[in-house]
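The values are calculated or read from the model by the stated rules, or taken from the named source; none is laboratory data. This structure is a prediction, so every number in the text was calculated from the model and none was measured. Cβ sites come from the backbone with ideal geometry, for glycine too, and all protein chains shown count toward neighbours. What goes into the accessible areas is simple: the full protein's heavy atoms, side chains included, and nothing from ligands, DNA or RNA. Shrake-Rupley method; radii C 1.70, N 1.55, O 1.52, S 1.80 Å.
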Amino acid sequence: MQLSTLLEQADEKRATNSYQEAERIYLELLNNSERDFSEEQESILKYKEQAALALLDLYVDQQQAEKIVELTRKLRPFFGQVAKAKTAKLIRVVLDRVALIPKTEQIQIDLCLETIEWCRQEKRTFLRQRVQAKLSALYFQTQRYLESLAVLTELLKEVKKLDDKSLLLEIQLLECRVQLALRNIPKARGALTSARTTANAIYVPPGLQGEVDLLAGIVSAEEHDYKTAYSYFYESFEGFSNLGDERAVSSFKYMLLCKIMTKQAEDVAGLISTKFALRYNGKAVDAMLAISRAHQNRSLAQFQQALKDYPEELTNDVVIHSHLSELYDTLLQQNILRIVEPFSRVEITHIAELIGLPMETVESKISQMILDGQLKGTLDQGANCLITFTEDHFPKTYYHSLQTMKEMSHVVDILFENASLLS
């Protein structure tokens, strides 16, 4: 029978939801040898490739990841008959199709490990490196950061020797993401700098350039350089927006975060209402708007309510979550300042009641604010109250006390030095 006829029959069966029959015909087409068909070998390989891709789609529709793994094993003799570039393309397609099935991360990892071993046996270095990069990304996705980093470290040494700039850029960006997840900001900055150096030497597609800018913004934000971070997020937002990439929403959300962190929360509403941002309005933008309003009103209650209303957009976002504690700390400071503003003397229990936090937490925060010079006052622990100073200068007692403490510190240092000489 003609291969084209078999393929048409299988496609018809699949179109009419006769999946088992379609699967049987596709497998028959793939399993039969070239001697069973009258076409030339080139045509046979072409039809087999089409059958393999169609069968992959069928398994994806049926959410049958295990059968895709089994199909990959069956296709290995076929891989030996086609060009290496074609094999690499097919294996990448297989890995991408399995990823379309939800909750198959471990299956994908096992498939990558199996494919890497096969590549070693067949001495297909280029394909192995690509699959290793995919494996590292899967480890990162499943929060197995140390395993991801181990694969990347080995891979980086190899790829640098081969001078494959495009793959090197992908690996360096992934390393930056892993280091960020491990909260190792200096190494994340180093990986990002290497990635940008690599990107300057080759043509970088707009989507990948947007990712470089996005990571640069995240690293700058982690270093508390929010103005620089905002400019990077804006660049990535423009790039993703022009491509219609959904990552534009994340870039825009981080732009709003930078405005809030630089105490420019009033600019958030203006940014959201601009023409280029209107099409990205949704829960992510609403979440940042709620946080900006809480920041403007210096309201901890509104802040906590926003966290409850938008857990996916705020708490579950790794980048946003890393700044939430700092933002909460800022809001707590502003809330305390707002409450004590009209008072010269106020009980700590009264402040705690108004804020809705335990008295110990409020007292500790007030002590820290006084020491940092953010609040001019003193704690009277006997009366359990806060005494604030309205004037810019402190009473002379404070200066005398500070001078005494300095002199005492100097005396202790001298005594320590003399004791060291005696011993």
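Among the residues of the stretch 7-14, is any at pLDDT below 80, of a type in the set (Lys, Arg), open to solvent by 90 Å² or more (accessible area, probe 1.4 Å) and more than 25 Å from THR115 (Cα to Cα)?
Within the stretch 7-14, none of the residues are at pLDDT below 80, of a type in the set (Lys, Arg), open to solvent by 90 Å² or more (accessible area, probe 1.4 Å) and more than 25 Å from THR115 (Cα to Cα).
Looking at the stretch 360-370, is at least one residue of a type in the set (Lys, Arg) and modelled with pLDDT of 85 or more? Steps first, please.
First, the residues of the stretch 360-370 that are of a type in the set (Lys, Arg): 365.
Among the residues that remain, those that are also modelled with pLDDT of 85 or more are: 365.
Yes, the stretch 360-370 has at least one match.
Quick check on my filter: what residues within the stretch 298-324 are in contact (Cβ under 8 Å) with a residue 12 or more places away in the chain and out of contact with any helix residue (DSSP H, G or I) (no Cβ under 6 Å at 6 or more places or on another chain)?
So in the stretch 298-324, the residues in contact (Cβ under 8 Å) with a residue 12 or more places away in the chain come out as 298-303, 305-307, 309-310, 312-314, 317-320, 322-324.
If the condition is that a residue be in contact (Cβ under 8 Å) with a residue 12 or more places away in the chain and out of contact with any helix residue (DSSP H, G or I) (no Cβ under 6 Å at 6 or more places or on another chain), then SER299, ALA301, GLN305, LEU307, ASP309, GLU312, ASP317, VAL318, ILE320, SER322, HIS323, LEU324 are the ones that fit.
Report, by residue number, each residue of the stretch 317-338 that is at pLDDT 85 or above and β-branched (Val, Ile, Thr).
Listed by number, the residues that qualify are VAL319, ILE320, ILE336.
Being out of contact with any strand residue (DSSP E or B) (no Cβ under 8 Å at 6 or more places or on another chain) and either closer than 30 Å to ARG24 by Cβ or modelled with pLDDT of 90 or more (or both): is that true of LEU162 here? Reasoning before the result, please.
Numbers: out of contact with any strand residue (DSSP E or B) (no Cβ under 8 Å at 6 or more places or on another chain): yes; either closer than 30 Å to ARG24 by Cβ or modelled with pLDDT of 90 or more (or both): no.
No.
Go through the stretch 96-139 and give me each residue that's within 18 Å of ARG177 (Cβ to Cβ) and among the hydroxyl-bearing types (Ser, Thr, Tyr).
Residues satisfying the conditions are SER136, TYR139.
I need the helices (runs of 4 or more DSSP H) fully contained in the stretch 185-249, keeping only those with at least 1 residues that are among the β-branched types (Val, Ile, Thr) and in contact (Cβ under 8 Å) with a residue 60 or more places away in the chain.
Working: elements: 185-201, 206-222, 226-243.
Helices (runs of 4 or more DSSP H) meeting the threshold: 206-222.
Results for (1) hydroxyl-bearing (Ser, Thr, Tyr); (2) assigned to a helix (DSSP H, G or I); (3) touching a strand residue (DSSP E or B) at 6+ places or on another chain (Cβ under 6 Å); (4) open to solvent by 50 Å² or more (accessible area, probe 1.4 Å), shown as yes or no for each residue.
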site	(1), (2), (3), (4)
ARG338	no, yes, no, yes
ILE351	no, yes, no, no
GLU363	no, yes, no, no
GLN374	no, no, no, yes
GLY382	no, no, no, yes
TYR399	yes, yes, no, yes
MET408	no, yes, no, yes
ASP413	no, yes, no, yes
PHE416	no, yes, no, yes
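Return yes when GLN368 is open to solvent by 80 Å² or more (accessible area, probe 1.4 Å) and not in a helix (DSSP H, G or I) and no when it is not. Walk me through it before giving the result.
Details: open to solvent by 80 Å² or more (accessible area, probe 1.4 Å): yes; not in a helix (DSSP H, G or I): no.
Spelling it out, it is not the case that GLN368 is open to solvent by 80 Å² or more (accessible area, probe 1.4 Å) and not in a helix (DSSP H, G or I).
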